[in-house]
Each structure stands twice: as structure tokens, then as C-alpha cells.
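Asks: Pasting in a structure now, in C-alpha cells, and then I'll have a few things to ask.
The values are calculated or read from the model by the stated rules, or taken from the named source; none is laboratory data. Since this is a predicted model, take the numbers as computed values, not measurements. For neighbour counting, all protein chains shown are included, and Cβ atoms are generated from backbone atoms with ideal geometry for every residue, glycine included.
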Amino acid sequence: MSALMAGKFSTDMFLGVLPAILPVVREQFALSLTAAVTLVCCIQLSANLVQVLIGHLRPYKRRPLILFFSLALVATICLTNLLPHSSRSLPALLLLVAVSGCGDGIYNPEALRAVHRLRRIQPAMGSSLYMASAFAGYAGGGWLAAALVSRFSLAGLYFLPLLPAGSFVLIALLRVRLFIEKRAGTANVPAAKSAQISFRAIMVMGILAAVSTNIFNWLLPTRLVELGFKLTFGGLSIMIFSLGAVVGSFFWAYLARKKGELFCLVLSLLPGVPLMAIYLRHAAAKNAVWLLFAIGFCCLASYPLMITMARHAAGPNLGRRMALIVGGVWGVASVVVMLLGPVADRFGVGAVLKFAPIGYALAGIFGLALLYKARHPRNTQRHERNANQQKKLF
């Protein structure tokens, strides 16, 4: 598990780099806000869509070959400083971040198959450990990149490839192996708690929450620079937000053992909505940054619970389910946020950030409806029968 966590930390670290240094990239390459948001969308979209394309591959292979390709490609974004510093470099920038995003994305399906193979770790805790590494990597990448770029400009990114190189060696030395899919007709029998929830429903909640997360993560550092804070403060803010998710993921995983994943999912999402609204109203106050820990503890930490439910839901094979819940969810969310780029250009970053809590609220309400349906199946069945009878009458 330690090798997989190290790899997840060092790959997701590069997803946090670009939002944290976006003000510098915009200045160095003379980019509009729309172009800059497109860059962030490109790395996120490539990281997520590639999972959907490859997640179902190699279901009967034990050796994690794709993990090694991931760790070799993910640091491509560090070559940014080698490009001519002008807006004409935008296509080359898009190519670099796309390759780096693919390097990050292809790590997840096989890594989660390796996590699924572990029998000594309770499923919710295994997902939480894995995603805690992702949150910590995203947080650490944003903070470290902001610190290095503040001191060495974009050349500071040259130090970052050391971490995936170390993870490459660790995975090889510890001989990580993958879970083998069962043959058709015997696979994917859902666990009792997840059998009441369809994989599609989990996807809907994941997309709604991911849209909120992307709006917040991508635009907050830029907004903080607009408010007069240093570049490093934006990286610190995202780090605190993500560290709250690290702590929260363990808390909700422990509670889920007693109360169930769906109950804890709803319980985590809804309180975070007013907290985020309060933070956005008072973001100009430096001490408001500590609210981000509570928001991450509630909202962002709900995501590992969705992965746990998806691991045992009925549907396509495990690799495909993991690709969709990780890649498909964040890929759709990336497209939505990209479409908001022109809106941010016209009305300002602060105006778009006000919409960030809405996705969390909708996901929580949707989960609440699923929870009611799961706990009152007879009422739901009666309503469905009545609706069918009315359709027959008309």
C-alpha cells in the first residue's frame, strides 16, 4: 500500500502545479484568463478521459506495467520553461500539459486494482488511504510549485521529477501486483450495502461534487492574487483545503464502517456548503484561510466514499468502474469548468467562484433522496406501481 500511495502522491502532485502557478504562466506567456483556464482544463481532461479509454484493459494481467509508464510521463509539464515565452507557445503548452495529464490519469485504474487486491485493509479505509495520497499530492504540488516558481521562476519546476522517479523505483522494488478480474458471468457481485445504489447514481453524485471542486481549486489561487495576496498564499490555501480532505477521508471511512458509506456521504457534503459560502464572502480576510480545512474535511473528503461504493457496485468490470468514477467524473467536470472560462473573463473570477457550493449541495440532496429510497423501499415501490397504473389509464 505504501508504494501505491507514494505513486499516487507523486502523480497527483502535478495536477496541483498548474492552478497554483497560473498567474505566473499567464504573465510569462501573455495568456488571457480563458486561455489559462483552457490549459488547466486540458491537463484535467486528458488525465481523466485517458482513464476511460484504458481502464478496461489488461483485466487478467498481474504486473503493473502501466504504472511505470505513468510515472515516466507525468512530469512532462516541468518542461514549460523551455518554450518561447509568448502567446504563440499556447499549442505547445497544451501538448505538454496533455501528456502530463495522461501520465497522471493512466496511473489510477491499475493502482486501484492493486488496492482492491489487498485483503488486510477494510475497503473504505483502503480507498481513503489512496485518496488521501491524492489530496496530499495535489496540496503538496501546489504549495511546492508556488514556492519554487516564486524563487526560481518557471525553472523551479525542474526539481519536481525527482518524486515520481523515486516512486518508480519503490513500486519496482516492492513488486506490486494487480487484482485479477474474474471471468465473465462471475464478476462484479455487489456488496450488500452498495447493492441498493446503482453505479450511475454514484456517477451523478461524483460529477456534481467534482464540478464544485474544480471551480474552487482552479480559480481560487487566481482570485487570491486579485485580492492582493502573494502567489504562495494561493498554494498554501489549496494545501490547507486538501489537507482537510486527508484528515476527513479517514474520519468518514471509520464512521462508514458503522453507519454506511451513503449516510456518511450525505453527512459530509451538506455541512460544507454553508462553510464554503461563508469563506467566499470573507476570502479577503487572511484568517479565513483556516475555514478551508473544514471545507475540505467535509466536501472534498466525501469523494473516497464514492470510490468505495463504486468498487462494489453492479456494472462493468472493476477497471472500467474505477476509470469512470475517477476519470469519467473529473473529465465531465473539467469540460463544465472550461465552459465557465469565458464567463470568468467577462464577469470576473469572483463571480464564478460564487457558484462553487452549488454542486456539493445538489450532490448532497441527491444522496439524501437515495438514502430515503434505500431505507423506505416499500414506499418507493408503491409509488412506482401507482405511477405505472396511471400510465396504463392514459
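Asks: Check whether at least one residue in region 147-154 is touching a Lys or Arg at 6+ places or on another chain (Cβ under 9 Å) and modelled with pLDDT of 80 or more, and report yes or no.
Replies: Yes: one or more hits.
Asks: Out of the residues in region 7-62 that are among the aromatic types (Phe, Trp, Tyr) and more than 14 Å from the chain's Cα centre (by Cα), which is surrounded by the most Cβ atoms within 10 Å (Cβ to Cβ)?
Replies: PHE29
Asks: Give the residues of region 280-316 that are at pLDDT 90 or above, more than 19 Å from LEU270 (Cα to Cα) and in a loop (DSSP other than H, G, I, E, B), sorted by residue number.
Replies: Result: HIS282, ALA283, ALA284, ALA285.
Asks: Return yes when VAL169 is out of contact with any Pro (no Cβ under 9 Å at 6 or more places or on another chain), at pLDDT 85 or above and of a type outside the set (Gly, Ala, Ser) and no when it is not.
Replies: The answer is yes for VAL169.
Asks: In addition: Please give the helices (runs of 4 or more DSSP H) falling wholly within region 19-117 in which 3 or more residues are within 20 Å of PRO342 (Cα to Cα).
Replies: By residue number, 33-54, 90-105.
Asks: Next question. Pairs needed: first member in region 335-360, among the charged types (D, E, K, R); second member anywhere, surrounded by fewer than 21 Cβ atoms within 10 Å (Cβ to Cβ); C-beta distance under 7 Å; at least 6 residues apart or different chains.
Replies: Pairs that qualify, where the first residue is among the charged types (D, E, K, R) and the partner is surrounded by fewer than 21 Cβ atoms within 10 Å (Cβ to Cβ), are ASP345/SER32; ASP345/LEU33; ASP345/THR34; LYS354/LEU280.
Asks: Can you run down the residue pairs with Cβ atoms below 9 Å, 6 or more apart or on separate chains, where the first is in region 271-284 and more than 16 Å from PHE229 (Cβ to Cβ) and in contact (Cβ under 8 Å) with a residue 40 or more places away in the chain and the partner is surrounded by 15 or more Cβ atoms within 10 Å (Cβ to Cβ) and among the aromatic types (Phe, Trp, Tyr)?
Replies: From residues that are more than 16 Å from PHE229 (Cβ to Cβ) and in contact (Cβ under 8 Å) with a residue 40 or more places away in the chain, the pairs are GLY272/PHE297; GLY272/TYR360; VAL273/TYR360; MET276/PHE216; MET276/TYR360.
Asks: Inside region 175-198, can you point out the residues that are more than 22 Å from TYR60 (Cβ to Cβ) and either touching a Leu at 6+ places or on another chain (Cβ under 7 Å) or modelled with pLDDT of 65 or more (or both)?
Replies: ILE197, SER198
Asks: When only residues in region 338-394 that are among the small types (Gly, Ala, Ser) and at pLDDT below 85 count, which is farthest from ALA201 (Cα to Cα)?
Replies: Out of the qualifying residues, it is ALA344.
Asks: Next up: Exactly one of these conditions fails for LEU227: (1) within 24 Å of ILE21 (Cβ to Cβ); (2) buried (at least 22 other Cβ atoms within 10 Å of the Cβ). Give me its number.
Replies: Failed condition: (2).
Asks: Taking region 253-279 only, how many residues are of a type in the set (Phe, Trp, Tyr), modelled with pLDDT of 90 or more and farther than 21 Å from LEU220 by Cβ?
Replies: So the answer is 1.
Asks: Among the listed residues VAL211, VAL204, which satisfies the condition of being at pLDDT 55 or above, surrounded by fewer than 20 Cβ atoms within 10 Å (Cβ to Cβ) and in contact with a helix residue (DSSP H, G or I) (Cβ under 7 Å, 6 or more places away or on another chain)?
Replies: Being at pLDDT 55 or above, surrounded by fewer than 20 Cβ atoms within 10 Å (Cβ to Cβ) and in contact with a helix residue (DSSP H, G or I) (Cβ under 7 Å, 6 or more places away or on another chain) holds for just one of VAL211, VAL204, which is VAL204.
Asks: Only one residue in ILE238, ILE197 is closer than 30 Å to ARG26 by Cβ and of a type in the set (A, V, I, L, M, F, W, C), so which one is that?
Replies: ILE238 is the lone residue from the list that is closer than 30 Å to ARG26 by Cβ and of a type in the set (A, V, I, L, M, F, W, C).
Asks: Continuing with this model, one more query. Within region 349-361, does at least one residue satisfy the condition of being under 28 Å from MET5 (Cβ atoms) and either surrounded by fewer than 23 Cβ atoms within 10 Å (Cβ to Cβ) or not small (Gly, Ala, Ser) (or both)?
Replies: Yes, region 349-361 contains at least one residue that is under 28 Å from MET5 (Cβ atoms) and either surrounded by fewer than 23 Cβ atoms within 10 Å (Cβ to Cβ) or not small (Gly, Ala, Ser) (or both).
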